[in-house]
1. Which of the residues spanning segment 55-76 are open to solvent by 20 Å² or more (accessible area, probe 1.4 Å) and either among the aromatic types (F, W, Y) or within 27 Å of the chain's Cα centre (by Cα) (or both)?
2. On the given criteria, is R256 charged (D, E, K, R), open to solvent by 50 Å² or more (accessible area, probe 1.4 Å) and in contact with a Ser or Thr (Cβ under 7 Å, 6 or more places away or on another chain)?
3. Which condition breaks for M39 when tested against (1) touching a residue at least 24 places away in the same chain (Cβ under 8 Å); (2) assigned to a loop (DSSP other than H, G, I, E, B); (3) not acidic (D, E)?
4. Can you say whether L222 is in contact with a Pro (Cβ under 9 Å, 6 or more places away or on another chain), modelled with pLDDT of 95 or more, farther than 23 Å from G158 by Cα and surrounded by 18 or more Cβ atoms within 10 Å (Cβ to Cβ), as far as the supplied structure shows?
5. When the residues of segment 316-342 are filtered to those that are assigned to a loop (DSSP other than H, G, I, E, B), free of Cβ contacts under 8 Å to residues at least 60 places away in the same chain and not β-branched (V, I, T), which remaining residue is nearest to C147 (Cα to Cα)?
6. Quick one: count up the residues across segment 368-383 that are modelled with pLDDT of 95 or more and farther than 24 Å from F85 by Cα.
7. Can you tell me how many residues in segment 356-375 are surrounded by fewer than 24 Cβ atoms within 10 Å (Cβ to Cβ) and over 22 Å from the mean Cα position of the chain (by Cα)?
8. Is it true that R307 is open to solvent by 20 Å² or more (accessible area, probe 1.4 Å), within 17 Å of N221 (Cβ to Cβ), among the basic types (K, R) and at pLDDT 95 or above?
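The values are calculated or read from the model by the stated rules, or taken from the named source; none is laboratory data. Keep in mind the model is a prediction, meaning the values are calculated, not measured. Please note: Cβ atoms are built from the backbone with ideal geometry, for glycine as well, and neighbour counts cover all protein chains shown. The accessibility values were calculated without ligands, DNA or RNA, using every heavy atom of the protein model including side chains. Shrake-Rupley method; radii C 1.70, N 1.55, O 1.52, S 1.80 Å.
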Amino acid sequence: MPYHLFVYEGRPFVYHLGLGKCLSVSPEAYELLALRQTMSKEEATQAFLAKRPDAEAVVRETETLEDCGFFEPAETGFETDDEQFEQALARRYEKDPWSHLELSLSERCNLACRYCYCGTCRDELPNNGLMPWETAKRAIDWLFARCRGQDVSITFFGGEPLLNKDVLKRAVAYSQELASAKGVQTTFVTTTNATLMDDETAELIAKNNFGLMVSLDGPQNLHDAQCPTRDGSGSWDLAVAGIRRLMKVRKRVTVRCTMAHPVPDMLKLVRFFTDFGFTRIVLGSVENPQFPSACDFTDEDRASEERQLTEKVVPWMLSELAAGRKPVYDPFADIEEAFKSAEPPTPSFFHCGACRGNMTVGADGALFPCHRFVGLRDWTLGSVEKGPDLDRCRKFWRDYRACVKEHCAGCWAYRLCGGPCPWRIARADGTFAMDPSVCEDAKRRICQGAWYLELKKDQENKHQRKGEIRK
């Protein structure tokens with residue numbers, strides 16, 4: 001059958017693989033749909049009515065679904081045709097323009113965060129420090145030479161990119177000159193710990209409308225424990241001062257909080273960041289598949305995260321909506337968007353822009369699939385002087401596909417998941433190895449998201465009925 005059944009927090013759901021839609025159903029309908037998965041229509045109906053002779057309405061409901069094509073064969077969204085994949089690969093590297101690049105302005109950081117992957121992965125190569133202007137200029141020239149009239153985007157990453165403010169400022173000005181000459185637009189993105197933020201840099205970010213994310217791990221005691229400076233002192237005061245400078249000149253600021261083992265109280269974090277004034281909150285967890293550490297999330301942490309979302313955070317989100325406020329933390333926004341879309345999600349052959357849209361230039365000019373791979377010797381993909389090694393780029397995605405194909409081709413969640421993040425299943429030696437826990441995390445979030453959206457719908461309907469009664 002082209003659907004997947006699941007129960008979350010006692011509520012039955014059916015997810016249709018072809019439509020990419022999730023429906024809340026009655027326990028009776030759930031039971032009949034479960035029978036239809038293993039029996040013919042007639043056998044399932046007889047077995048169901050034998051146990052529930054008064055449930056003919058449910059049978060008629062499923063017949064209506066059948067008339068609408070609900071039981072027609074459907075695909076998971078994973079394209080198994082290798083020839084089509086190779087054609088997409090050819091377009092990606094032979095025809096499509098290059099319009100995005102990441103510059104690792106600094107492979108150093110002024111902080112020594114306990115969980116940071118830079119301290120492990122980037123030890124694989126000598127620390128190349130700060131990116132020289134000549135390397136940044138060469139990368140920007142390369143990007144504009146291949147954008148083919150498309151708008152471009154440049155991400156400044158690190159380490160801590162503000163350790164290299166001079167190159168940052170020159171890169172912004174130079175790329176704007178090239179964009180004006182070519183008649184295209186250029187946008188900028190950066191992630192920073194904000195400890196080195198001064199008024200001039202804050203104005204630069206605001207004036208050029210950077211896509212911006214600042215790193216802050218919570219209240220002072222938690223942040224200082226996880227993110228000390230190189231000399232071991234706390235970085236909270238410096239980070240907060242820099243964030244306040246940003247907030248003076250920019251209304252919208254997103255915070256990225258990294259949750260390390262043991263998982264903290266998520267609702268306290270959300271309330272803290274909301275009160276601080278952030279307009280969007282991202283809560284991430286420590287995952288370092290190449291070099292696991294004591295900071296990495298455990299299975300117990302993931303279970304605690306799920307419980308906290310269910311028992312504390314979702315009720316908070318619903319209360320915010322009831323008060324007429326959009327929650328600044330919404331871990332299910334992408335799931336809601338997918339469910340509301342008129343067309344079912346159509347995953348790409350490529351999970352993300354790795355080796356293409358998100359290719360990162362290291363401080364010494366080496367190219368990597370994305371910022372997370374910087375410094376891993378076996379994941380280099382060329383150099384900014386010679387350009388990307390397209391054969392290695394193709395191999396990246398062929399190897400990735402070979403690794404996930406068996407797991408993703410028949411997975412009910414693939415339309416919404418799109419496959420695991422390449423970094424999550426990458427190994428330091430340049431190979432991929434599937435990690436089933438990554439899939440379980442994705443499925444769990446989809447099921448939890450469907451449950452939250454149903455609660456949200458119930459609340460909206462209840463509010464609407466109250467309004468009608470008052471009228």
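1. Of everything in segment 55-76, those that are open to solvent by 20 Å² or more (accessible area, probe 1.4 Å) and either among the aromatic types (F, W, Y) or within 27 Å of the chain's Cα centre (by Cα) (or both) turn out to be F71, A74, E75.
2. For R256, the condition - charged (D, E, K, R), open to solvent by 50 Å² or more (accessible area, probe 1.4 Å) and in contact with a Ser or Thr (Cβ under 7 Å, 6 or more places away or on another chain) - is met.
3. Result: M39 fails condition (1) only.
4. No: the conditions fail for L222.
5. That would be A342.
6. The number of residues fulfilling the criteria is 1.
7. Residues that pass the stated criteria total 3.
8. No; evaluated as a whole, the condition is false for this residue.
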